[in-house]
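Here is the structure we will look at.
The values are calculated or read from the model by the stated rules, or taken from the named source; none is laboratory data. The structure displayed is predicted, hence computed values, not measured ones. Here the Cβ positions follow ideal geometry from the backbone for every residue, glycine too, while neighbour counts run over all protein chains shown.
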Amino acid sequence: MTPEEMERMLQKHDEALARIERNVELVTNQQAQFYSDLQGLTARLDGFEKAAEQARARQEASISNLTDLVDRLINAQLRLVEGIDRMTDVTEQRLNALAEAQKAAEERLNALAEAQKATEDHLRSLIALVARYISGRNGGDAPR
């Protein structure tokens, strides 16, 4: 091999070595960038996990509050139903008492109507008697 060939070969070798070094540097830079990006993503993921945990805690608190409200609503509904049942019983008793009072008033009204009819009959008889008496005194027949 001639010195020129050796020189060309060394030059090619140096160029190949320079390319390899550039490629190694490029890969090293890409790995450094990848590692940096990975750290950023890890930090963001940690932030997302923390936010998700906080949201989960708020959600659990909201569910607990809703459960308490539903329990209170159920208890209020039960008390309302009990109150309505009591009012229904009282109303039924009062309606029964009112029906009895109306029946008694109707009986008294019927008795009063009978008494009034008897009074009217007696009054008619009295009027007829007085009329005969008066007509008997005025020359008509005497009362019998």
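Values computed for the structure shown
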| item | result |
| --- | --- |
| Residue that is within 52 Å of the chain's Cα centre (by Cα) and surrounded by 10 or more Cβ atoms within 10 Å (Cβ to Cβ), where the choices are 18, 32, 76 | 76 |
| Residue that is touching a residue at least 12 places away in the same chain (Cβ under 8 Å), in a helix (DSSP H, G or I) and not β-branched (Val, Ile, Thr), where the choices are 86, 132, 124 | 132 |
| Criterion violated by residue 141 - all others in (1) in a helix (DSSP H, G or I); (2) of a type outside the set (Gly, Ala, Ser); (3) modelled with pLDDT under 95 satisfied | (1) |
